[in-house]
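Derivation of every value follows stated rules applied to the coordinates shown; laboratory data play no part. Treat the numbers as computed from the prediction; the structure is a model and nothing was measured. Virtual Cβ from ideal backbone geometry, glycine too; neighbours counted across all protein chains shown.
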Amino acid sequence: MRNWLLPEYIEDILPAEALAIEAMRRRIMDRLLVHGYQLVGPPLLEYIASLLSGHRDDDDLSSRRSSSILMFKVVDQLSGMLMGLRTDITPQAARIDAHLLNRSGVTRLCYAGSVVHTVPSGLTRTREQLQIGAELFGHAGLESDLEIQRLMLQSLAIAGIGKIHLDLGHVAVFRGLVKGAGIPVKLETELFGILQTKDITALRELFSTARWKNENAISGEIVEPALLLLLELYGGGDVLTRARKHLPDYPEIKTALDELEAVAAELMPLVDTLAFDLADLRGYRYHSGMVFAAYAKGCPNAVALGGRYDEIGKAFGRARPATGFSMDLRELSGLVKPDPYPKGILAPYKRNDKVLEKEIERLRNEDQIVVMELPGHESDQDALDCDRQLVMHQGVWKIEKI
């Protein structure tokens, strides 16, 4: 094996794409900053206990939250403690809000940086993603959900992603059924796995088991058809109508459906299509309310994910309402054709020529690329990617085409 080969699903970013990604990052970050989101830069490496605080390992690979299954682990040579490479920046932002900033009111944070997974979360995805996102802490109402969702859609538009399909879900629908039926934790976990795969046959088989019948004798007539229906509740506005008609009239479910209806009315004009998925339990142990995912043509994965996660703050000693979104810049860049790498201006090498140095500085201050031709490499001009050159005419440096 050649030692310069990269591991599977680990890739270099070459100049044209790297420049496109950086330009995209700047545009999105500028939008977040003018909305009052303050930039933070958490470390790539932390103690595992911190990175996994508030998490369990039963989420699927597409979840926004960190998982020990996805995490590269190393031993700290200074303390002997186990450290991990972050798989998600959201928990780090929650830690910063809870312990370092420690504000009592609303806090808006944004970030951009690498996250690393032990396995890719999709066949076309890299194990090192460039995550950019925003988190809003300290407000529990729909207003903050809508702010985050609009900001996500604006960020996708700025990145050049058009015709967005938006999926909306709400984990309180399933939680309401579980709570109303008094389903124990073990059965809840099994149900969660079945609903994630939308396996109606496995769900019917679970209902036929003795342990299900023994533990759900009273509520079975209500919850069984409701759970079966949940697998079919995906689509347009009629989904909420069917849900109101056929799901149990539990307070948690009614509130969740009302919230979904209100948010959909606000976001419908901003997207190409919008659908509801009441069986979407992505991040079920992480999210506490509404969840959302944006999809774009040409990408099998969601191009942006987000939702409310009010409960994560407990792990850091200060429970705070929270909602946010994140996206992978590398994946977004693959959906947008990058501009060619900009051509530069070739400048001759003239030692101690102050006039030339001043002209080069002026051009660079105007964001022009000026490449100095080094002695002995006059024959390598093609590799410098310049289409113009500085030439002296009657004592004045002028730009000419090469």
Exercise. Going by alpha carbons, how many degrees (0 to 90, nearest 10) lie between the helix axis of 354-365 and the longest principal axis of the chain?
Worked result: 20 degrees
Exercise. Near residue 350, which lysines are there with a Cα under 17 Å away, not counting those fewer than 8 places off in the same chain?
Worked result: 358, 398
For this session: Any aspartates and glutamates with Cα under 16 Å of the residue 343 Cα? List them, leaving off those in the same chain fewer than 8 positions away.
Result: 17, 366, 367, 373, 380, 382, 385, 387, 400
Problem set entry | Burial ranking of peptide ranges 103-109, 388-394 (average Cβ count within 10 Å, highest at the top) | 103-109, 388-394
Problem set entry | Cα centroid separation - region 240-266 against region 357-392, whole Å | 63 Å
Problem set entry | Straight-distance crosslink candidates among aspartates and glutamates, where the alpha carbon sits under 17 Å from residue 297 and sequence neighbours closer than 8 are dropped | 167, 272, 328, 331
For this session: Evaluate the charge dipole of the chain about its Cα centre and quote only its size in Debye, nearest 20, assuming +1 on the Cβ of each Lys and Arg and -1 on the Cβ of each Asp and Glu.
Result: 560 debye
Seminar exercise, completed: Contact order relative to length for region 171-273, counting C-alpha pairs under 8 Å separated by 6 or more residues, stands in percent at 38 percent
Exercise. Taking the structure as given and computing Cα Rg over 2.2 N^0.38 Å, which label from (i) 0.99; (ii) 1.04; (iii) 1.22 fits?
Worked result: (iii)
Exercise. Radius of gyration and Dmax for region 344-401's Cα atoms, expressed in Å?
Worked result: 10.9, 29
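Normalised by the residues of the chain, what does the relative contact order come to in percent, with Cα pairs under 8 Å and at least six apart?
Taking the mean separation of contacting Cα pairs over the length of the chain, I get 19 percent.
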